[in-house]
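Please read the structure below before turning to the comments.
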Amino acid sequence: MNRAKIKKSKLLPGPSREQQNISSFFFSKSQKASSSTKVPITSDALTKTDIQTKDGERLNSPSKRSILGDLKNLLPSSTDLLISVPETPNSQIRLSSSGEEDQLSPEPAREVALGDKNRHLSPICRSPRAKGRKLRRTMTKEGERTKTEDGLFGPLKRLFSPPEESRNAKRARSADAVIHSAGIILKGKMPNLSSNQSPGPPERSEGHNEGKQNVTSVKSTEGEKEPQEETDQADSGITEIKAPDPKTHKNLESSLDKDTCTITTRAHEPGAPSDSHQPKGGAVLETTATLETYGDKGTPPDQKQANTGAAATCPVEEGIEESWFSDQMDEDADDKSKKSLKVPDHVILSGGLNNRYVVVDVEERPGRKLLSISCSRSLCPTETCLLTDGWETTPVCRGDVVHLEGSPDGGWLVNRERGFLVLLPDSLVSGTSISNSIRCMRRAVLGDMFKSFDGGSKQMLNGTMVHEVFQRAATAKEFSLQKLSELADEALHSPRYLGDMYSLGVSQEEIKQELHEYLPSLEHWANEHLCPTNPKAISLKTQGQDSASVFTVSELADIEENVWSPRFGLKGKIDVTAKVQIQRAPNSSRRIPEEKTIPLELKTGKESNSIEHRSQVILYTLMSKERYNPVVGLLLYLKTGNMHPVAAGHMDHRELLKLRNTLVRHISSCVEKAADQSRLSRLPDILTDRQTCKYCPQRLSCALYERAVDTSSADASEEVVRTFLQQETGHLTLPHLSYFSHWLLLCCLEASTMEAKNGRKRVWLQSVEESEKTGSCVGNLQLSGPVGLQSDGVFLHRFQRSSVASQQGVTRCGLTGGDRIVVSDQEGRFIGLATGYLCEVSRTSVSCTLDRDLTKFSRMFFRLDGDEGVVGLSTHLSNLSRLMENSQNSERLRELVVDLRSPEFITNLSSVLPREAKDAVANILKGLNKPQKQAMKKVLLSKDYTLIVGMPGTGKTTTICTLVRILHACGFNVLLTSYTHSAVDNILLKLKRFRVGFLRLGQGQKVHPEILPYTEESVRKKRDVKTLSDLEQLYNKELVVATTCMGIKHPIFTRRRFDFCIVDEASQISQPICLGPLFYARRFVLVGDHQQLPPIVQNHEARTLGMDESLFKRLELHGDAVVQLNVQYRMNRQIMSLSNSLMYDGRLECGSERTATALLTLPLLLPVQSELLSFSQSHPELDLSWLQATLLPSNPVCFLDSSLVPALESVEQGGVSNHTEAALVHTLLSLLIKVRVPLSYTSLTISGGTSSSLLSFLGRV
C-alpha cells in the first residue's frame, strides 16, 4: 500500500508568541501528528515521485485538520478524516493552501493524512452527493490562478498534476479523476476523448429537480498546435478549482437549493480491467464540471450541438456507472423514509442573542458541513448554517441543539474568521475539564463520568490552601507578611482542611512548612501590583496593534465568583476577579484610561505558562463575556509571584470551543442506539505514552471501560496497551467484567434521561414570568437586611419581593423549605451567582442559605429558581469502579455480589456475644416478637450478610433501632445508612430516646432539628477542634456513625472500618449506590421489602434491562440469609387482607386480636349521616349514598371509581393535576374531621396528580 508523508510547515508570521500561543499550539501540534498519523489509501499503485515546485519553492499543502492532531487518543469527529483515494497510477497530487508553506509527498506503500493547518478542511468526502455547487476547472500552462465564476464559499484550491515521468505517457482511458473545491468532490472515471466516440444521452437520477443540465466540455485553445515541448508544458499545468470571495455568502441559501448531480464513481478496484489508452495532444483544457438536471427535458438545445463533436466535447456521462444512479435513488428513498424529527418536550428553542436551534438535517460535503436548523418547535421555517475551515469536524448530529454566534444574513456561516457554533450549549462544561482534555481527551471524559476518582494529593491540598490564603488576603485588602502568616495558621486549623489532612495522612507541621514557603512571594507580588501610588505596569500587545497597551491592577474585586455561560456552554469558578486600568497604545483611538474587570487565575505549581494554563484563562475570559467583556486575563504563579497577561483572539476561542464541542459530544453520547438494544460508545483511544498515564487517577476506570466496550481488547491491542489492561484488570474474571459492563450501560442510559429532564436550563432560557407560571421560580427579589454568616461558607440571605411584582404571592409557587435553589440576576448577565437551600417562603419574602455573600449586589433584582443540581450518576460509576479494584475488600464484595457466593454463618452465639453484654442484650430482646428476635440472632451469627424483609407495619424501624442497641452493647462499630436523610434520622430519633451515642454526618440543612446537636459540625464547635489529634478523637469516639449512602466521601471513611453496616430502605436503592457503604464494613445488613417501592428508574430501556433490581432483591435468592418480619400492628384484618393476598401469599399476620378487629369510633357519625340524608332529600338529583357508605366504620376498605364523574387529569404548573379527585378527597377529609376521627388514626395516601391539586385546593379554602 502506498503512503505519503506530510512534512511540517513553517508557522505563519503574525503576532507575538504570547498572543498566538493557543492557535499556533494547535497548528504546530497537528503538523506533528500529521507526520505520524496513518490513514489507509485504497490505491496499490501510487508511486513515489518528487515534489512539484513553483518558482523554486515547494508547494504548500494543507496541514492536518484536527485541532488536536497530536493527541493520540482523540478520535476524529468526522469520517472525512479518513481519506479514501482511488487508484491513480503514475500521478502526483499537489495541494495548495493560502499563505502557508507545507507539502505533501506521496510515496509507495504509505498512508496519507491530509488537512489544512489554517483552514482545517476535509480533503475528501466519502459521500458521492454534492448538491448545488458549480465548479470550474482550469488548466493553464503557467499553472496560475484564474478567477472563478461559481457561487462557492472559501478560498480553498485543490491542485492536481501528473509526475514528470508520466507527462509523455498516454492518458489512461479510465483514469480516475478527483476534483475538489471548497468541499465539492467530482470523482469519476474520465472517458476516452477520441474523435470516434459518440456521446450518449445523459442519465438522470430520479428525484432531482428540473433544471438545465450542463455537460463537461473540452475547449481547444491556440496552444493546441504548438510543438511537443509546449504541449508537455501545458499538459503538466495545474488543475485548479477556485471558489468565490466569501462575501458571496448571502447567496448561500439560493445556491444550495439547486439540485446538482455530482460526478462520482467507485474507486478502481484492484485487479479490475482498465483501458490504458490516452488521448493525444497537449490542449489546454477548460472544463465546466457541473450537472444541473432539467428533469425530463434532457440536454438543453444549446449544448446538443456541442455534444456532437468529440474533439470539442467531453461527455462525462459515459464514464458514470449505472450503479451510482441506483445508489443515489436508494439514498433518496432512505431520506424520504427518515422519521420526521420531533422536538422533545424538554427542549427549549429560541432566536436572538441567546438562540437555541435544533438541527433538522446534516449534509456532509468535502471540507464543509451544511446544517438545516430551526428555532421553532414546528421546524418551520428553517435556516441554513455552513461549517467550514475545520468547523465541519464538529460532531453535530440531527436532533442536536446548537447555539450560533455571528450574523445570520442570508444564512449562518461559521468559518476561520467569523462565527462560532456551540454544540449542546445547555450542557455546561467546566473550563478545567476542557483544558485537561488537551493532553488526554479520554481522561477528561472519564473524569466527568467517574468524578470521585479525581482524588486529592498532598500537592493539591497545599495548592488549595495557598489559594485560600491569597483570596482571604484579597478580601481583607492586606498582604503583609504578618497578615499572610495569620491567615495561613487559620487555614491550618480550619475544619475544612483538617479533614483533608486526616484523609491524606499528613501532619499539620508538614503542610505548614510548605504553605509558608509561598508567603514571601505573595507579599512581593502585592507590593508590586497593588501599590496605591505606583503599581507595576503590565504590557500587552494584541492582534492588530503595532504597539502595546499598558494596564495596572487597581483592585481585587471578588473571589471564587461562580460563572455559568450558557452562551458558550461553559461554567467555572474564577479564583479572583480583578479590576484593571488600561491605557491604550498611542496609535489607538482611545486615549482615556479604561477600567475593566478581568479574571485572575492562580497557579501554585511550576511556572510553566503551559498551553493548559493559558487555555484555562482564555476560557474564563470567554465565559465572563456577558458580565464584564474582559479583553485579557491574568495568570499568576504564586510560588514565584510572576504574572502573565493572556489575551486571546478569535482563533484561540475557536479552537477551544471546537475542543469543548468534541468533549461534550463524548460526554453526552456515551451510549449508542442499536437495533436490539443500546450499547456503550467507544471513547477516545488509550494513550500509548505510559509516562503520561503514570499518575492518572482514572487508570482503573480507563482500563475497565475499554474492557467493557470490548472484552477481547486485552488480547487485540498494541503491546503497551495490552500490558496496561492486563495490569489493571488481569485479576477480574469475565463475569466480573460483564457485571461492570452491564451496570455501566444502565447508568449511562439513566444519566442521559436525567440530563434531558434536568430543568436547570430554564434559569437562562425562560423569563421570570414563564418560570413563575410553572411554579419553579420566584422573581423580582431584592436583598433585605444584612447577610448573616451561618457557618463556614454558608450565608443566610433574606429577600423581599418588589412592590411592582405580581400580587399572586410566592406561597403558591412549587418551591418549599429545604429545596435546592440557584440565584441569578433578572437581566441574565449574572447567571448562577450562588446556590444554596431555601429556608422559608412567605407571600412577600424569601429566606435562604447560599454559598456566597451577595451583599455587593444589593441593588440588583434577583430571580430564585429551583435547582436540581448537577445530574449524573458519578457516585454509581465510582462505586462500580471500586468494586473492580484489586483489593481485599473489593474482592470479597465481588464474590458475594457478582459471583453470588452463599453467605456463611457461625453456629454458636457465645463466640460473638461478650460475657459482660449478655444481660444487657437479654433485656433489650424482651420487647420483641418472635420474627424480630430471629432477625437479631441471624445478624449476630452472620459472617457475611443478612437480609431482613420488613413487611408493612411489622416494626422495621423498631427492629433496626433494637439491632443497633444490641450491637452497641456488644461493643461493635456500626455504620447506619439509608438513601434518604429522613430515613436515617427516623432511626436516630429512636436511638436518642435510649441514650445511645452516635455521630451524624451530613449537611445541617438536611438533618432533623433534634439531631443537629449530634452532627459533626456541632460537635466540632462544642469541643473547639483545632488539631488533627482532636479530629481523630472525634471521629473514633462514637461506636455508631450515621450518614446517607451518598455521604461515603467523608474523610472518616479513609481510615475507619466498621463491624456492621446496616442499610435501611435497601430495596429502594440502586445496586451501585447500595454498594458504597459496604466497602467499609466486615458484615452488612440490608433491610427492605422488594414488594414495595423499587429503585426509581426513569429510563425505560434501563428499567427493562434490570436497573430496578436492588441489591436486596439480587441477594434474596440465598434463603438462608433472609429473615421475614411478618407480624404487623398497623392494619385490621380487612385492610391487611388486600396486600396479604396480592403480595405476600398469606404470610402477613396481625400482631394481636385487638389489631385484627380494630374499627374506628366516630362520636358524631349519626348527626353527619342525618345531615347527608337531609341534603339528599332536598337535592334528589344528587346521589350521596357513596359518601354514607364510605363513612361507615364497618367498611374499612372502600374503592371509589371516579371514571364516570368524569375525573380527568390535566398538565399544569409543572405537573399532572386532577382537580375533580382533589375536590372529592377534600370532601371526604372535611366529613372525617366533622365526625371527629382521631388524628392518630388518620393517614392520607394519594397520587401525585391529586396531591398537587389538593394542596392548591386547600390553599384556597
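Could you check segment 350-395 and list, in sequence order, the residues that are aliphatic (A, V, I, L, M), in contact with a Leu (Cβ under 9 Å, 6 or more places away or on another chain) and either open to solvent by 10 Å² or more (accessible area, probe 1.4 Å) or at positive phi (or both)?
Listed by number, the residues that qualify are V360, V362, L370, L379.
Output the residues belonging to segment 820-852 that are among the aliphatic types (A, V, I, L, M) and touching a strand residue (DSSP E or B) at 6+ places or on another chain (Cβ under 7 Å).
Result: I821, V822, V823, I831, L833, A834, L838, V846, L850.
Which of (1) open to solvent by less than 50 Å² (accessible area, probe 1.4 Å); (2) under 24 Å from S521 (Cα atoms); (3) modelled with pLDDT under 95 does S608 not meet, given it meets every other one?
Single failed check for S608: (1).
Which residue, of L404, L424, is at pLDDT 95 or above and either surrounded by fewer than 20 Cβ atoms within 10 Å (Cβ to Cβ) or within 11 Å of L663 (Cβ to Cβ) (or both)?
Testing whether each residue is at pLDDT 95 or above and either surrounded by fewer than 20 Cβ atoms within 10 Å (Cβ to Cβ) or within 11 Å of L663 (Cβ to Cβ) (or both) leaves just L424.
For segment 897-912, check the following and say yes or no: at least one residue is assigned to a helix (DSSP H, G or I), in contact with a helix residue (DSSP H, G or I) (Cβ under 6 Å, 6 or more places away or on another chain) and touching a residue at least 60 places away in the same chain (Cβ under 8 Å).
Scanning segment 897-912 turns up no residue that is assigned to a helix (DSSP H, G or I), in contact with a helix residue (DSSP H, G or I) (Cβ under 6 Å, 6 or more places away or on another chain) and touching a residue at least 60 places away in the same chain (Cβ under 8 Å).
For segment 406-436: of the residues being out of contact with any Asp or Glu (no Cβ under 6 Å at 6 or more places or on another chain) and part of a strand (DSSP E or B), which is nearest to G390 (Cα to Cα)?
Once the filter is applied, the top-ranked residue is V414.
For the structure I just gave you, tell me whether K937 is under 26 Å from L896 (Cα atoms), open to solvent by 10 Å² or more (accessible area, probe 1.4 Å) and part of a helix (DSSP H, G or I).
So K937 fits the description; yes.
Name the single residue that is farthest from the chain's Cα centre (by Cα) among those in segment 628-677 being β-branched (V, I, T) and open to solvent by 30 Å² or more (accessible area, probe 1.4 Å).
T640
Look at R965 and say whether it is modelled with pLDDT of 95 or more and within 38 Å of the chain's Cα centre (by Cα).
no
At least 3 residues that are open to solvent by 20 Å² or more (accessible area, probe 1.4 Å) in each: list the helices (runs of 4 or more DSSP H) lying fully within segment 713-780 that qualify.
719-729, 734-757, 762-765, 768-773
Which of the residues belonging to segment 537-552 are surrounded by 15 or more Cβ atoms within 10 Å (Cβ to Cβ), modelled with pLDDT of 85 or more and not aliphatic (A, V, I, L, M)?
Listed by number, the residues that qualify are F551, T552.
Consider segment 506-536. How many of its residues are touching a residue at least 40 places away in the same chain (Cβ under 8 Å) and either in contact with a helix residue (DSSP H, G or I) (Cβ under 7 Å, 6 or more places away or on another chain) or surrounded by fewer than 19 Cβ atoms within 10 Å (Cβ to Cβ) (or both)?
Within segment 506-536, residues that are touching a residue at least 40 places away in the same chain (Cβ under 8 Å) and either in contact with a helix residue (DSSP H, G or I) (Cβ under 7 Å, 6 or more places away or on another chain) or surrounded by fewer than 19 Cβ atoms within 10 Å (Cβ to Cβ) (or both) number 16.
Restricting to segment 682-707, count the residues that are part of a loop (DSSP other than H, G, I, E, B) and surrounded by 14 or more Cβ atoms within 10 Å (Cβ to Cβ).
10
Residues to consider are F905, F862; find the one that is surrounded by 14 or more Cβ atoms within 10 Å (Cβ to Cβ) and in contact with a Ser or Thr (Cβ under 6 Å, 6 or more places away or on another chain).
F905 is the lone residue from the list that is surrounded by 14 or more Cβ atoms within 10 Å (Cβ to Cβ) and in contact with a Ser or Thr (Cβ under 6 Å, 6 or more places away or on another chain).
Looking for something buried (at least 19 other Cβ atoms within 10 Å of the Cβ) and farther than 30 Å from L896 by Cα - is there at least one such residue anywhere in segment 1110-1117?
no
Look at S1217 and say whether it is under 21 Å from T774 (Cα atoms) and touching a helix residue (DSSP H, G or I) at 6+ places or on another chain (Cβ under 8 Å).
Against the criterion (under 21 Å from T774 (Cα atoms) and touching a helix residue (DSSP H, G or I) at 6+ places or on another chain (Cβ under 8 Å)), S1217 qualifies.
Quick grid of which residues meet (1) closer than 27 Å to P952 by Cα; (2) in a helix (DSSP H, G or I); (3) open to solvent by less than 70 Å² (accessible area, probe 1.4 Å):
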position	(1), (2), (3)
E1010	yes, yes, no
S1029	no, yes, no
K1049	no, no, no
G1076	yes, yes, yes
I1096	yes, no, no
D1108	yes, no, yes
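Based on what the data block shows, is S1176 more than 17 Å from P1238 (Cα to Cα), open to solvent by less than 30 Å² (accessible area, probe 1.4 Å) and in the same structural domain as L1192 (by the TED database)?
yes
Can you spot a residue in segment 657-664 that is outside any helix (DSSP H, G or I) and either touching a Ser or Thr at 6+ places or on another chain (Cβ under 9 Å) or not assigned by the TED database to the domain that holds V422 (or both)?
The answer is no, given that none of the residues of segment 657-664 is outside any helix (DSSP H, G or I) and either touching a Ser or Thr at 6+ places or on another chain (Cβ under 9 Å) or not assigned by the TED database to the domain that holds V422 (or both).
From (1) among the small types (G, A, S); (2) free of Cβ contacts under 8 Å to residues at least 12 places away in the same chain; (3) in contact with a strand residue (DSSP E or B) (Cβ under 9 Å, 6 or more places away or on another chain), pick out the condition that doesn't hold for S1029.
All conditions are met except number (3).
With (1) surrounded by 24 or more Cβ atoms within 10 Å (Cβ to Cβ); (2) farther than 30 Å from L1138 by Cβ as the list, and A1066 as the residue in question, which single condition is left unmet?
Only one criterion is unmet by A1066, namely (2).
Only one of these is outside any helix (DSSP H, G or I), surrounded by 18 or more Cβ atoms within 10 Å (Cβ to Cβ) and of a type outside the set (D, E): R439, R472, R443. Name it.
R439
Across segment 989-1001, which residue is least open to solvent (accessible area, probe 1.4 Å) among those that are part of a helix (DSSP H, G or I) and under 21 Å from L925 (Cβ atoms)?
L991
Would you confirm, using the coordinates I've provided, whether Q1169 is open to solvent by 90 Å² or more (accessible area, probe 1.4 Å), assigned by the TED database to the domain that holds V1237 and assigned to a helix (DSSP H, G or I)?
Spelling it out, it is not the case that Q1169 is open to solvent by 90 Å² or more (accessible area, probe 1.4 Å), assigned by the TED database to the domain that holds V1237 and assigned to a helix (DSSP H, G or I).
I'm told F972 meets every condition in (1) in a helix (DSSP H, G or I); (2) open to solvent by 20 Å² or more (accessible area, probe 1.4 Å); (3) modelled with pLDDT of 95 or more except one. Can you identify the failing condition by its number?
(1)
Residues in segment 1130-1140: is at least one within 24 Å of S942 (Cβ to Cβ), open to solvent by less than 60 Å² (accessible area, probe 1.4 Å) and not hydrophobic (A, V, I, L, M, F, W, C)?
No: zero hits.
Looking for something among the aromatic types (F, W, Y), assigned to a loop (DSSP other than H, G, I, E, B), open to solvent by less than 10 Å² (accessible area, probe 1.4 Å) and touching a helix residue (DSSP H, G or I) at 6+ places or on another chain (Cβ under 7 Å) - is there at least one such residue anywhere in segment 449-463?
The answer is yes, given that some residue of segment 449-463 is among the aromatic types (F, W, Y), assigned to a loop (DSSP other than H, G, I, E, B), open to solvent by less than 10 Å² (accessible area, probe 1.4 Å) and touching a helix residue (DSSP H, G or I) at 6+ places or on another chain (Cβ under 7 Å).
The values are calculated or read from the model by the stated rules, or taken from the named source; none is laboratory data. The model shown is predicted, which means the values in this text are computed figures rather than measured ones. Cβ: placed from backbone, ideal geometry, glycine included. Neighbour counts: every protein chain shown. Ligands, DNA and RNA are excluded from the accessible area calculation, which covers all protein heavy atoms including side chains. Shrake-Rupley method; radii C 1.70, N 1.55, O 1.52, S 1.80 Å.
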